[in-house]
1. For the stretch 162-172, check the following and say yes or no: at least one residue is open to solvent by less than 40 Å² (accessible area, probe 1.4 Å), part of a helix (DSSP H, G or I) and touching a Lys or Arg at 6+ places or on another chain (Cβ under 9 Å).
2. Can you say whether K231 is open to solvent by 40 Å² or more (accessible area, probe 1.4 Å), over 20 Å from V196 (Cα atoms) and in contact with an Asp or Glu (Cβ under 9 Å, 6 or more places away or on another chain), as far as the supplied structure shows?
3. Could you list, in sequence order, all residues of the stretch 129-168 that are over 18 Å from L111 (Cβ atoms) and of a type in the set (S, T, Y)?
4. Please enumerate the residues belonging to the stretch 430-449 that are open to solvent by 10 Å² or more (accessible area, probe 1.4 Å) and farther than 18 Å from M225 by Cβ.
5. Among the residues of the stretch 209-229, write down those that are of a type in the set (K, R) and assigned to a helix (DSSP H, G or I).
6. Hey, can you tell me all the residues within the stretch 29-41 that are assigned to a strand (DSSP E or B) and within 31 Å of the chain's Cα centre (by Cα)?
7. Mind checking which residues of the stretch 268-280 are in a loop (DSSP other than H, G, I, E, B) and more than 19 Å from E124 (Cβ to Cβ)?
8. Considering the stretch 1-54 alone, what residues qualify as being hydroxyl-bearing (S, T, Y) and either over 30 Å from Y178 (Cβ atoms) or touching a residue at least 40 places away in the same chain (Cβ under 8 Å) (or both)?
Amino acid sequence: MFPVVPTETRATLDGVERRFDINGDGKIDYAERLGPDGRITVLRFDTNADGDLDQEINRFAPGPDDRHLIIIVDSVPFGLMEGLWRDGRFRLFHPPSCTISPFPVMTDVSLAEFFGVSPCPGAESEFYDGAKLSEGYDNYANERNAIWLARTDYHMINFAHAIAYFYPHAWFDHELHYIQKYFQRSAKSPFIGYCVCTSALGAMLGRNGHLAGLIRLDRMCEQMMWQARGKLQITLLSDHGHNLVPSKRVPLTETLENAGYRITTRLKVRGDIVVPEFGIVTCAGIYTRDAEHVARDVVGIDGVEQAMYLGDNDSVVVLARCGARATISHANGKYRYVAQQGDPLNLMPIVKQLVDADGWIADAALFDATKSHEYPDAVHRVWRAFHGLMAHPPDVMLAVSDGWHCGSKFMTDVLDLQAAHGNLGRPSSNGFVMTTMGHVPGITRMEDLAAALRILGVPLNPRD
């Protein structure tokens with residue numbers, strides 16, 4: 001990897017120059033000149049080992065022969081990457097921009113939206129297919145829910161992920177090594193790599209794990225830029241964020257079973273429920289023939305923040321504690337959010353300012369008004385969760401508060417979870433994107449991100 005700090009730093013007329021002795025012979029052989037905005041604008045090389053930096057590459061002018069590398073890192077929150085850039089890291093790139101993952105905030109549905117291959121079979125590898133509860137570990141090992149993986153050129157096989165969570169630093173270095181190796185052996189442009197171990201670093205080690213891993217990612221990008229002699233464009237993005245909060249498990253199945261529901265793998269009679277408990281995340285899905293009743297009962301469980309289900313006329317009903325209830329409707333590019341009691345998504349002050357005479361709000365206007373809300377873009381995301389995001393959406397979806405998680409009791413007992421994702425909140429929902437090709441403006445839905453990158457010249461295949 002690239003040196004963690006420069007050999008020396010010099011002031012220039014309009015910024016600073018970071019100078020490096022890459023080969024360790026005691027002579028400066030490479031330099032990066034930073035402009036007034038703090039970005040690296042010029043790369044300088046010693047091409048003949050005489051101690052003089054005789055070649056300059058202008059980073060403001062992408063070359064026609066530049067190759068493109070795209071690296072997707074799992075579970076890196078926008079706020080963390082924004083802080084690293086502000087503190088001087090990732091200065092090959094324009095400042096990071098914020099992205100909003102779909103709900104439920106899960107890797108497969110988010111990256112399926114990015115690559116334009118939705119719907120996924122389920123939110124994660126264990127789901128009810130209409131006849132039975134699928135075998136989650138078999139689906140995961142065989143990548144059946146990760147339909148987007150076919151669009152990548154490198155990813156670590158899913159079978160190895162469980163091991164990686166116990167040794168996240170070593171396995172993250174493994175991923176970075178193979179992205180470098182296969183990129184150098186390949187002529188593809190873009191070359192797309194995916195790293196799962198950033199999720200492991202955050203889940204197991206919290207902020208400190210993410211921080212150490214991202215510094216190494218920055219050093220790898222610097223190393224590859226140096227090796228390419230500046231003829232490289234790099235784009236980094238995450239699928240979603242991470243809340244960086246230790247959590248305890250919501251005893252979802254235990255509580256519902258004690259209430260009288262029958263936990264099963266097949267829906268046969270009223271009162272049966274199927275509850276996938278695969279990962280450990282801040283969301284959950286329940287399959288049932290009694291969605292209204294299950295949602296009403298489950299929203300009272302400690303840790304549950306919202307419960308949602310399909311209501312009359314294809315609307316989505318959103319419930320929260322103490323009887324709060326609202327409905328979401330969609331037609332002709334507009335949304336209607338009606339709070340019958342309370343305000344489960346805390347949106348009424350915004351909605352009242354935007355509704356037309358018939359109570360509808362244009363999608364673009366609602367997105368612009370709620371993209372920085374405590375539940376970013378919640379109306380669209382909740383609606384989409386029941387309409388096309390998954391082939392087998394749960395009948396009831398839950399979002400749980402930070403500090404809680406749902407899912408596997410076994411994994412909860414084995415892992416001391418320090419961060420999670422899944423719910424509607426900003427820390428979980430907001431990932432990042434940054435590229436050497438330009439600045440992605442504003443805040444972008446994952447489903448719109450590929451188009452925004454293509455506008456900057458990042459060569460992504462159009463949606464099929």
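1. yes
2. Yes; evaluated as a whole, the condition is true for this residue.
3. Answer for the stretch 129-168, where residues must be over 18 Å from L111 (Cβ atoms) and of a type in the set (S, T, Y): S134, Y137, Y165, Y167.
4. N430, H439, P441, G442, I443, T444, R445, E447, D448
5. Within the stretch 209-229, R216, R219 meet the criteria.
6. E32, L34, I40, T41
7. K268, V269, R270, G271
8. T9, T12, Y30, T41
The values are calculated or read from the model by the stated rules, or taken from the named source; none is laboratory data. Because the structure is predicted, anything quoted here is derived from the model rather than measured. Don't worry about glycine lacking a Cβ; one is built from the backbone with ideal geometry, like all the others, and counts go over all protein chains shown. Accessible surface is based on the protein model in full, side chains and every heavy atom, while ligands, DNA and RNA are left aside. Shrake-Rupley method; radii C 1.70, N 1.55, O 1.52, S 1.80 Å.
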